[in-house]
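Structure record follows, encoded as structure tokens.
The values are calculated or read from the model by the stated rules, or taken from the named source; none is laboratory data. Just so it is clear, the structure is predicted and the values come from calculations on it, not from any experiment. In this analysis, Cβ positions are derived from the backbone assuming ideal geometry, glycine residues included, and neighbour counts consider all displayed protein chains.
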Amino acid sequence: MKFMIAVVLFASSLRCFAAAENASSPIQVETLIQSTSSWDGTPYKAYPAGQPQITVLKITIPPHTTMKWHSHPMPNAGYILSGELTIEKKDGTEKHFVAGQAVSETVDSIHRGISGAEPLVIIVFYSGTPGMPLSTATTN
């Protein structure tokens, strides 16, 4: 029975691809980012244990905004739709990103973002668990 279900699902997925191939404009896939480390080169260690929960946020930040120092307890990544973002860590390490770039964020590392001269619009994907905060503000 499991084999039959697998065959049906496989055949169904082939029909989707075949239909897409016959469409007037072909499907295009572009890898925006694929990384085993954050923007500062720190390797990711693991995803949080437990029931996975994906959260996707569209965040709009006014021009010339300096965000509070914070950290993230899980791997996450963002895609900048418009504007510019500079991310800096407490040790002075920083990196600048512009519209069309993807950012692999740091985990358990205190940092903050600074928007540029235009509003920043970013889509952020968080890989956490239910009840896990997406970020934690720090006071130091």
Report yes if some residue within the range 63-70 is touching a residue at least 12 places away in the same chain (Cβ under 8 Å), out of contact with any His (no Cβ under 8 Å at 6 or more places or on another chain), surrounded by fewer than 14 Cβ atoms within 10 Å (Cβ to Cβ) and in a strand (DSSP E or B); otherwise report no. yes
Looking only at the range 76-108, filter to residues that are part of a loop (DSSP other than H, G, I, E, B) and not small (Gly, Ala, Ser); which one of those is nearest to Tyr47 (Cα to Cα)? Val107
Residue check for Gln51: within 14 Å of the chain's Cα centre (by Cα) and more than 22 Å from Ala137 (Cα to Cα): no
So, in the range 109-124, exactly how many residues are farther than 21 Å from Pro73 by Cβ and either in a loop (DSSP other than H, G, I, E, B) or at pLDDT below 95 (or both)? 4
In the range 28-43, residue surrounded by the most Cβ atoms within 10 Å (Cβ to Cβ) [restricted to those that are farther than 13 Å from Thr93 by Cβ, out of contact with any strand residue (DSSP E or B) (no Cβ under 8 Å at 6 or more places or on another chain) and not β-branched (Val, Ile, Thr)]: Gln34
Could you go through the range 96-107 and let me know if any residue there is of a type in the set (Ser, Thr, Tyr), surrounded by 16 or more Cβ atoms within 10 Å (Cβ to Cβ) and either in contact with a Gly (Cβ under 6 Å, 6 or more places away or on another chain) or over 20 Å from Pro73 (Cβ atoms) (or both). no
Determine if the range 45-52 includes at least one residue that is part of a loop (DSSP other than H, G, I, E, B), charged (D, E, K, R) and free of Cβ contacts under 8 Å to residues at least 60 places away in the same chain. no
Is it true that some residue in the range 5-26 is of a type in the set (Asp, Glu) and at pLDDT 95 or above? no
From the residues in the range 125-140 that are farther than 17 Å from Tyr79 by Cβ, outside any strand (DSSP E or B) and at pLDDT 95 or above, which one is nearest to the chain's Cα centre (by Cα)? Ser135
